[in-house]
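One structure below.
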Amino acid sequence: MPVTELKDRISGALQDGTMGGALGRFNDAYLISRAKAYEGIDFEALRDQLVGLKGRAAAHLDELAEQFEEAATQAGAKVFRTADIAEAKAYLARLCKENGVQRIAKSKSMMTEEMHLNAFLAEQGIEVAETDLGEWIVQLAGQRPSHMVMPAIHLSKEQVAGIFSREVKAELAPDIPELVAVARRELRQKFLAADMGITGANVAVAETGTLVVVTNEGNARLVSTLPRIQVAVVGVEKLVERLADVGPILKALPRSATGQLLTSYVSMFTGPAPGADGQPKELHIILVDNRRSHMAADPRFAQALRCIRCASCVNVCPVYRLLGGHVFGGVYTGGIGAILAAWFDAMKASKDIQSLCIQCGACIPVCPTRIDIPDLIVELRRRLAAEEGHSFLQRAALKVVNDRRVFHGLLRAASKAQKPFAKKGMIRHLPFFLSGMTEHRSLPAIADVPFRDRFREIAQPAKTTEKAAFYAGCLIDFAYPDVGEAVVKVLNTAAVQVTFPEAQTCCGAPARYSGAFDVAAQNARDNVKALEDPEVRWVVSACPTCTVALRHELAATLRSEGQEDWAERADKLAHKVRDFSSLVKELVDAGRLSVEAAEGLPAVTYHDSCHLKRKLQAHEPPRALLGAAGFEIKEMRDSDVCCGMGGSYSLKFPEISAPILARKLENVKATGVGTVAMDCPGCMLQIGGGLDLAGSPAKVRHVAELIADKVRPSAGK
């Protein structure tokens, strides 16, 4: 999909207020219903089960397919296995021709969507009717499903009434019971007239040859029993070893998909179902690979075959909430859709849609099979960059950021050039081609004196033998040096000597997240050299993105570039890395530091940065420190939902970043507080800039700034 087409799709989706309202309401309700559905269930233990059984299945696809074919054949089914979608369609065309099939009733099947089966059958002169209500609606509308579980979620009842009115040639009111009655009447004729029924399957059991189909409408049962021929089209990733493996999947799938304890219907077919006349029908099972075995053989992407198509990742995605599924352009939507498209279609099929991922990680904790979608998206970017390279502008920008002296020199120069535009520490307007950068938020002015220069004035000699190297990151160094000073003050109070290795450079996140792993590897080597001081006990960062890079990504980046010696050095460094709030909480718990509660402090609200909450799992330490300092914390709604920053994402997709930010600002405003606390300078830039441009009196403050004058050495220290 060309970038211009993607931008047009984005623009159209953002202008669709009906879809945006529907997705927003569903998102809010889903989070509540999902949480309630999982009450009393050990979700992590269930995930362990699913990772184990789906992981084993993905590692033995061929063996399970053979076992399934044997068991299903013994039960009376006819099994056709193929690696190729074209062969699967040809088999089905022959079957229709040999049996004089003119009309087909289908239940919901993502595999047949992947095959574009309806269009193919129409070309053969065969009438195909979708019988899942959502699928039928989008079929009548001439659209594709916008969601893996709820195909018509993007449409309002008024739009559905218009679609149905055209179908039945009568004016229908947007009354849901009436519309359901119309669908029931119309679809009943499709069931009765069908010569063939086609279903998919949610699970295929190798041990018994059993197909498991879950629905809420019962249409799959009618499709599989009324027509004289039943066909199930199934992707091989639906295979599991044993009948006992079905239980954990059924426990997770409805809860994760729609917040239900169980779907209305669970159908299990072992061999042909009895026909309406009591005689056994024909059951044909088409097992389709379509590069799934290639994915299973890839050590990075094999985990994606654990997907049970619950769409929980999509349900919590802030980008999907805004854009819906059609923007992604493929059969499978969201981040998992970009990954599957890269394998089932071609790597280039994901070239543009993978860029929609903001890397917030909201999908990670809800995925029942623990697929790390953001990490796989980054790996896609790496492979795409290796195949096609980056644009001239991207290469130029990365080259500048990668050269510490050039980059820092430019920032120092910019601190002088910004004078006409900076007022009270903020830049609200920029000229010419830079104007878009301040369209949706103000920007912090670059500091007159960067932190690295200030540090020389505030550095204190050691009071103990313990040292902490402070990794400032670009924003604290050049935009928020006051945060750096607060960090040093707190650690010095705990009798920790702080050093500032001046050779430290960009953490590599911008390069890594764009797929430029060669540039990120250079950043990694530079930072390992700068920070691997044997006398340093901790490497502390007050930026979660940088902390994640230092602790988790330096070594991985270096290994991906074949630099094992450097990766081992990065591993040793990673053990020392701490985020600011977690380290301070450790020092407090160890009796090295105390936080004294002040009286009369105003209430604050807290924004969880994506990396701190999900990658570092450190959402409690900052709240504990703020509470100990005497701040009342008024929790905002969706405190851990992305603010829309996403590093360079806010520059690449400002039209997406802006409404995500607007929602965050609404939630801040609803608390009525004057201070928004956070641990991330990137979020400070985004939220602080949004508040400033909106004229809000509320300000953003880093936790380090809020507690710096409230820490004391513990007694006896």
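Here are K634, K664: which of them is surrounded by fewer than 17 Cβ atoms within 10 Å (Cβ to Cβ), over 17 Å from the mean Cα position of the chain (by Cα), at pLDDT 95 or above and not assigned by TED's automatic domain parsing to the domain that holds A472? That would be K634, the only listed residue that is surrounded by fewer than 17 Cβ atoms within 10 Å (Cβ to Cβ), over 17 Å from the mean Cα position of the chain (by Cα), at pLDDT 95 or above and not assigned by TED's automatic domain parsing to the domain that holds A472. Of the helices (runs of 4 or more DSSP H) lying entirely inside region 632-717, those containing at least 3 residues that are charged (D, E, K, R) and more than 21 Å from C543 (Cα to Cα) are 654-671. Scanning region 435-484 for residues that are surrounded by 22 or more Cβ atoms within 10 Å (Cβ to Cβ), more than 33 Å from the chain's Cα centre (by Cα) and among the aliphatic types (A, V, I, L, M) returns a single hit, A468. Of all residues in region 59-87, those satisfying the criterion of being within 18 Å of W343 (Cβ to Cβ), in contact with a strand residue (DSSP E or B) (Cβ under 9 Å, 6 or more places away or on another chain) and of a type in the set (A, V, I, L, M) are L61, A65, A83, I85. Scanning region 577-592 for residues that are in a strand (DSSP E or B) and either of a type in the set (K, R) or not assigned by TED's automatic domain parsing to the domain that holds T547 (or both) turns up just one, R578.
On the stretch given as region 526-583, residues that are among the aromatic types (F, W, Y) and more than 26 Å from the chain's Cα centre (by Cα) total 2.
All but one of (1) outside the structural domain of V536 (by TED's automatic domain parsing); (2) buried (at least 17 other Cβ atoms within 10 Å of the Cβ); (3) not in a helix (DSSP H, G or I) hold for H611; state the number of the condition that does not hold. Unmet condition: (3).
Cβ separations smaller than 6 Å between residues 6+ apart or across chains give the following pairs from region 684-709 residues that are in contact (Cβ under 8 Å) with a residue 12 or more places away in the chain and more than 18 Å from T438 (Cα to Cα) to residues that are part of a loop (DSSP other than H, G, I, E, B) and among the hydrophobic types (A, V, I, L, M, F, W, C): A704/A542; I707/A629. Scanning region 13-26 for residues that are in a helix (DSSP H, G or I) and either closer than 18 Å to G334 by Cβ or among the acidic types (D, E) (or both) turns up A13, L14, M19, G20, A22, L23, G24, F26.
Determine if region 266-282 includes at least one residue that is in the same structural domain as T82 (by TED's automatic domain parsing) and either under 30 Å from D28 (Cα atoms) or under 24 Å from the mean Cα position of the chain (by Cα) (or both). Yes, region 266-282 contains a residue that is in the same structural domain as T82 (by TED's automatic domain parsing) and either under 30 Å from D28 (Cα atoms) or under 24 Å from the mean Cα position of the chain (by Cα) (or both).
Residue pairs whose Cβ atoms lie under 8 Å apart, separated by 6 or more positions or on different chains, with the first residue in region 524-549 and among the basic types (K, R) and the second part of a helix (DSSP H, G or I), are R525/L558; R525/W566.
The values are calculated or read from the model by the stated rules, or taken from the named source; none is laboratory data. If you're wondering where the values come from, they're calculated on a predicted model, not measured in any experiment. Every residue, glycine as well, gets a Cβ built from its backbone with ideal geometry; the counts of neighbours run over all protein chains shown.
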